């Protein structure tokens, strides 16, 4: 049988990530698992023979361990979206909502990994295209959300929303969040949006500080294509992708958002439901 090959994606901004990875690699190797890390990490931990550039990971690795927080997982999910490589998050951040394991879990997790006793959970992603003067500027993929917001000005922005070329509504306020079910527990939730189970096929549209008593979050079919035209009396309008990529928007830009052809596969090993995680991470219940 071909040896299992695991790529370690390490957030070098978290010193503990390098420490945990350095301790984990010999354990994986003792189990007959081939480990790969990107060159800068290989140099830092003194294991240059394990060096493999990120862009070569899809050619070699069977799965990815991501050492960091939720932000690290979001970045890796976008970078490797076309390759459908399963991801397991090792939480070294604050919330760790997307992460499945803590560093102390790793010895038990590896044993379950070798017996293939890990579940796979598919998470839908979003695709956003920016059009300016009728021409496509760029395309992005997001696991969590696409945010449209005003800048430092206190004045509102206007977002005209269309579904398949039919106008849905016009929202006045600080902006909109368009999120996947996974992203419903992120920016959208902070803006008052509902929590969606991650296995749903849906797109959530949440107004941010709307200047209206009737503007409410809307749950849409994942088959819909959403077009948002932005305008304002000022020039500070921006778009964010998973809260990590920022794009300056011009007045009358159009953003088309739909379900991405890609999905993120998260590895699960604990016998817990999504709502167990909700209670644990957000302290919404008392056992």
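Of note:
To keep it simple, each residue is scored yes or no on (1) at pLDDT 95 or above; (2) assigned to a loop (DSSP other than H, G, I, E, B).
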residue: 1; (1), (2): no, yes
residue: 7; (1), (2): yes, no
residue: 24; (1), (2): no, no
residue: 49; (1), (2): yes, no
residue: 75; (1), (2): yes, no
residue: 94; (1), (2): no, yes
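- The residues of the stretch 59-73 that are assigned to a helix (DSSP H, G or I) and either touching a strand residue (DSSP E or B) at 6+ places or on another chain (Cβ under 9 Å) or under 25 Å from residue 146 (Cα atoms) (or both), listed by number, are 60, 70, 71, 72, 73.
Okay, residues lined up against (1) assigned by TED's automatic domain parsing to the domain that holds residue 166; (2) within 18 Å of the chain's Cα centre (by Cα); (3) buried (at least 18 other Cβ atoms within 10 Å of the Cβ); (4) part of a strand (DSSP E or B):
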| position | (1), (2), (3), (4) |
| --- | --- |
| 188 | yes, yes, yes, no |
| 197 | yes, yes, no, no |
| 204 | yes, yes, yes, yes |
| 207 | yes, no, yes, yes |
| 215 | yes, no, yes, no |
| 219 | yes, no, no, yes |
| 230 | yes, no, yes, yes |
| 234 | yes, no, no, no |
| 246 | yes, yes, no, yes |
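- Yes/no for residue 78 being surrounded by 16 or more Cβ atoms within 10 Å (Cβ to Cβ), in contact (Cβ under 8 Å) with a residue 12 or more places away in the chain and either out of contact with any strand residue (DSSP E or B) (no Cβ under 6 Å at 6 or more places or on another chain) or within 22 Å of residue 258 (Cβ to Cβ) (or both): yes
Okay, residues lined up against (1) modelled with pLDDT of 95 or more; (2) more than 30 Å from residue 266 (Cα to Cα); (3) in contact with a helix residue (DSSP H, G or I) (Cβ under 9 Å, 6 or more places away or on another chain):
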| residue | (1), (2), (3) |
| --- | --- |
| 127 | yes, no, no |
| 185 | no, no, yes |
| 193 | yes, no, yes |
| 198 | no, no, yes |
| 208 | yes, no, yes |
| 223 | yes, no, no |
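- Matching residues, the stretch 98-117, being in a loop (DSSP other than H, G, I, E, B) and either in contact with a helix residue (DSSP H, G or I) (Cβ under 6 Å, 6 or more places away or on another chain) or exposed (fewer than 12 other Cβ atoms within 10 Å of the Cβ) (or both): 98, 115, 116, 117
- Unique residue being in contact (Cβ under 8 Å) with a residue 24 or more places away in the chain and assigned by TED's automatic domain parsing to the domain that holds residue 257 when the list is 136, 132: 132
- Hey, residue 182 surrounded by 16 or more Cβ atoms within 10 Å (Cβ to Cβ), closer than 22 Å to residue 76 by Cβ and touching a residue at least 40 places away in the same chain (Cβ under 8 Å) or not: yes
The values are calculated or read from the model by the stated rules, or taken from the named source; none is laboratory data. None of the values given here were measured: they were computed from a predicted structure. For neighbour counting, all protein chains shown are included, and Cβ atoms are generated from backbone atoms with ideal geometry for every residue, glycine included.
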